[in-house]
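Some notes on the structure that comes next.
The values are calculated or read from the model by the stated rules, or taken from the named source; none is laboratory data. Just so it is clear, the structure is predicted and the values come from calculations on it, not from any experiment. Glycine also receives a Cβ, built like all others from the backbone with ideal geometry; neighbour counts cover every protein chain displayed. Heavy atoms of the whole protein, side chains included, go into the accessibility calculation; ligands, DNA and RNA do not. Shrake-Rupley method; radii C 1.70, N 1.55, O 1.52, S 1.80 Å.
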Amino acid sequence: APLFSAMHPQPLEELASAAVTRVFMSGDLIIEQGTTGTSMFVMLLASAEVWLRKGGEGDAADESGTPTLVGRLAPESICGELVMLGFGQSRAATVKASQLCMFGEITREAAMAVLERHPFEKESFGHVLAQHLEGSVAQRIAGIPLLSCFDRKFREALAARSERKVYFPGSCIVMEGDDCFRMFVINTGIASWRKGRFQLRTYAPGGRVCTENMLGITRHALGTVEVMQMVHCLSISNDAYTSTLQDHPGMQHTSVLLLRRHAQIFQQSKETVQRFVAKQRMWARFQILVIKDGASSDNDILLDVVYAWKSLATVLRRVRLQRKAQEDN
């Protein structure tokens, strides 16, 4: 199968050993469109049919629609790989045995265990999967609400300049404080965004982060983006954005308006995040004081927390006054 073509013999043998042999009779469903799952199937013997209901794929499919035969699987074909890897929530099509056939079933847990032991195969696996998802890139970029102010040709050019990469669970797309000059868009998968040790947001497909970095508003990542469920990520650098603007001079005015609007949004978001994190830290400190300093009275503990909060409020007020003075000048 193409998905395994770049693997060395050892990890390939480990993956084959982890597969469970499944035998299906003619008419049996191997996978069913719209259902969830955590495994993929490699055909070992005979053939099977691929059916698709009208109305879309996966969750979007019309369950009452008439299924249409769209293809056939031969030995060494695979199905269900994207859902197994966490790229989708439901099966995109139905696979039905057309005769007595045999499949090897590989679970997500087994596949990940093998890939973790073999970094080269893990990286190669990611490249193959990124190529497999190439057809979804243009549509994802075109559908970003932030870019709706630009015309179709501009968005298509931006999609062509975007970079694609697959990230495995537990890895970080960007770390807080890193020099960053690009925007990241979650094409498939799930990621979380945190500031310090506090998780503030979860990104589903279509979510974007570090827009302010791509626009040149700031150079450092405000938080850390960590992968929760395997992610196919698209990124647009400041260079790619600037080059696309140079190729489409009619969009320059639109870009200026976008920059002004997002600069204000970023500043407001930054202050909101600072306040939220400060509250979480104060609460954590309060809990530590309660646990470790049982001899202190409730009043002493509350005063300690209030004084710390007052110090933070003073710093934030000074920052706001400095920014206002800069704007007035």
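So here's what we get for this one:
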quantity: Residue among 224, 202, 211, 218 that is surrounded by fewer than 17 Cβ atoms within 10 Å (Cβ to Cβ), within 17 Å of the chain's Cα centre (by Cα) and of a type in the set (Val, Ile, Thr); calculated: 202
quantity: Options 218, 242; residue that is assigned to a loop (DSSP other than H, G, I, E, B), without any contact (Cβ under 8 Å) to a residue 60 or more places away in the chain, of a type outside the set (A, V, I, L, M) and more than 16 Å from residue 164 (Cα to Cα); calculated: 218
quantity: Failed criterion for residue 61 (all others in (1) at pLDDT below 90; (2) buried (at least 21 other Cβ atoms within 10 Å of the Cβ); (3) within 22 Å of residue 131 (Cα to Cα) hold); calculated: (3)
quantity: Scope the range 84-105; condition modelled with pLDDT under 90 and open to solvent by less than 10 Å² (accessible area, probe 1.4 Å); matching residues; calculated: 84, 85, 86
quantity: Any hit, the range 82-97, residues being under 21 Å from residue 4 (Cβ atoms), more than 23 Å from the chain's Cα centre (by Cα) and part of a strand (DSSP E or B); calculated: yes
quantity: Count - residues of the range 104-153 that are outside any helix (DSSP H, G or I), under 29 Å from residue 73 (Cα atoms) and β-branched (Val, Ile, Thr); calculated: 2
quantity: Complete set of residues in the range 45-58 that are more than 27 Å from residue 232 (Cβ to Cβ) and modelled with pLDDT of 95 or more; calculated: 49
quantity: The range 68-83 residues that are without any contact (Cβ under 8 Å) to a residue 12 or more places away in the chain and of a type in the set (Val, Ile, Thr), paired with ones that are open to solvent by 20 Å² or more (accessible area, probe 1.4 Å) and part of a strand (DSSP E or B) (beta carbon under 9 Å, 6 or more apart); calculated: none
quantity: Residue 133 hydrophobic (A, V, I, L, M, F, W, C) and either surrounded by fewer than 18 Cβ atoms within 10 Å (Cβ to Cβ) or at pLDDT below 90 (or both); calculated: yes
quantity: Candidate set from the range 164-193 (those that are among the aliphatic types (A, V, I, L, M) and not in a loop (DSSP other than H, G, I, E, B)); member that is surrounded by the fewest Cβ atoms within 10 Å (Cβ to Cβ); calculated: 190
